[in-house]
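Each remark here refers to the structure printed beneath this line.
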Amino acid sequence: MEKFQEALLAWYRENPRSLPWRGEKDPYRILVAEVLLQQTRTAQAIPYYHRFLARFPTLKALREASLEEVLKAWQGAGYYRRALHLHLLAQEVEALPRSYAELLKLPGLGPYTAAAVASLAFGERVAAVDGNVRRVLSRVFALENPAPRMLRNLAQGLLPQGEAPGEWNQALMDLGATVCLPRRPLCSECPVAPLCQGRVDPGRYPGARRRKVREEALAALVLWGREGVYLERLEGRFAGLYGVPLFPQEELPRRVRSFGVDPRFAGEVHHTLTHRRLRVGVYVAPWDGEGAASRREQLVDPGEKPLPKLMEKVLRQAQAFLAHEGILPFPHAKAHGVKPFEPG
DNA sequence: AAGACGGGGGA
DNA sequence: TCCCCAGTCTT
């Protein structure tokens, strides 16, 4: 496999991607990049990388911030548990541990991220196996459905002796990201194509994972007043973020009764998650919190809270409806701009 | 082993 | 539409 290593390293020296965290030495900044990159495309992660680090430049700054501030900086990036784990981790350790084994114990760090940080920041000889590496190795060795364990062993055995482990890991990932593409790989440009056992049928390796998408009918209740909208801290899905009450469609009558309101239908919004298609009926009602003193203080400007994209859609829909009806919108209306109301 | 967890981009 | 992304955590 020496030829494989030489060919890939030679290619990488000529074709490295230019990324904000390339050449970065600060383990904390490397960690933030790697966590942001979990299940997230590089192009999507880059703006958040800059935003997050501008706000929390050091582990200490992150530690001293509130969870809500951290989530606010993460808003829009998705998989919000990542932000929670980063904040948690900052409380747990004074400084980042320097070994793979210790890094693996931290919340939010699995085999990939621990290996990436250990190799990139501390030069440890551990292979980082992400989706790119999985795809590259599956093709090179014609593996249709390799187990994570055997893939890690395989990658570990491939680490070259004379090369910095971090460089090697990045070389493998760059190849996957720019040449060994999921669909229609650019085999004619691939430095290891002559050694690739899967080249005859790249689409076969690794085999496709199928996922079933289920539909969910929900209702959102937008209670608005002069001071803002009634928001609560969400649990389960979008845990830690804020939003208007969201529940299964069939619970609408019960929830309406419990708030003592008489809402109007403001339209529907759709939102897709990895394994779910959400169809959300938006219902709006004026509300001043009367008869529910404990809730009155929850009337806030949504712009101040970390909201998931779904809630932004819901609020936009509600606000468009109110504008269409000539009703005074809630304070945050201007922040998002008013879109024409579209019935149905 | 399977499901949950966001959001977006490319074919 | 479907795929899947520099994955991790929980049943």
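Some notes on this structure:
- The stretch A:81-103, residues that are out of contact with any helix residue (DSSP H, G or I) (no Cβ under 6 Å at 6 or more places or on another chain) and of a type in the set (Ser, Thr, Tyr): A:SER99
- Of all residues in the stretch A:52-62 being surrounded by fewer than 16 Cβ atoms within 10 Å (Cβ to Cβ) and assigned to a helix (DSSP H, G or I), the one that is farthest from DNA strand B (Cβ to nearest atom): A:LYS60
- In the stretch A:138-153 there is no residue that is over 27 Å from A:ALA208 (Cβ atoms) and either in contact with an Asp or Glu (Cβ under 7 Å, 6 or more places away or on another chain) or within 16 Å of DNA strand B (Cβ to nearest atom) (or both).
- A:GLU64 falls short of the stated requirement of being within 30 Å of A:VAL179 (Cα to Cα), among the acidic types (Asp, Glu), away from DNA strand C (no atom under 14 Å from the Cβ) and at pLDDT 95 or above.
- Complete set of residues in the stretch A:6-20 that are over 32 Å from the mean Cα position of the chain (by Cα) and either in contact (Cβ under 8 Å) with a residue 24 or more places away in the chain or part of a loop (DSSP other than H, G, I, E, B) (or both): A:ALA7, A:ALA10
For every residue, the table says whether it meets (1) modelled with pLDDT of 70 or more; (2) outside the structural domain of A:PRO248 (by TED's automatic domain parsing); (3) closer than 24 Å to A:GLN75 by Cβ; (4) surrounded by fewer than 22 Cβ atoms within 10 Å (Cβ to Cβ).
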site	(1), (2), (3), (4)
A:GLY267	yes, no, yes, yes
A:VAL282	yes, no, yes, no
A:PRO286	yes, no, no, yes
A:GLU297	no, no, yes, yes
A:ASP301	yes, no, yes, yes
A:LEU322	yes, no, yes, no
A:PRO331	no, no, yes, yes
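- Single residue of the stretch A:168-188 satisfying the filter (more than 18 Å from A:TYR205 (Cβ to Cβ) and among the hydrophobic types (A, V, I, L, M, F, W, C)) that is farthest from DNA strand C (Cβ to nearest atom): A:TRP168
- Any hit, the stretch A:197-219, residues being hydrophobic (A, V, I, L, M, F, W, C) and within 22 Å of A:PHE4 (Cα to Cα): yes
- Wholly enclosed strands (runs of 3 or more DSSP E) of the stretch A:202-321 bearing at least 1 residues on the phi > 0 side of the Ramachandran plot and not acidic (Asp, Glu): A:228-230, A:264-272
- Any pair with Cβ under 6 angstrom, 6 or more apart, that starts in the stretch A:169-188 at a residue that is of a type in the set (Val, Ile, Thr) and ends at one that is within 12 Å of DNA strand B (Cβ to nearest atom): A:VAL179/A:LEU186
- Selection from the stretch A:84-100 of residues that are touching a residue at least 60 places away in the same chain (Cβ under 8 Å) and farther than 21 Å from A:GLY123 by Cα: A:LEU84
- Residues within the stretch A:203-238 that are within 16 Å of DNA strand C (Cβ to nearest atom) and loosely packed, with under 12 Cβ neighbours inside 10 Å, tallied: 10
- Of all the residues in the stretch A:180-226, those that are among the hydrophobic types (A, V, I, L, M, F, W, C), farther than 30 Å from A:SER258 by Cβ and within 13 Å of DNA strand B (Cβ to nearest atom) number 4.
- Odd one out for A:LEU120 among (1) under 23 Å from A:ARG22 (Cα atoms); (2) surrounded by fewer than 16 Cβ atoms within 10 Å (Cβ to Cβ): (2)
The values are calculated or read from the model by the stated rules, or taken from the named source; none is laboratory data. Nothing here was measured: the structure is a model prediction, and the numbers come from that model. With ideal geometry, Cβ positions are generated from the backbone for all residues, glycine too; neighbour counts draw on all protein chains shown.
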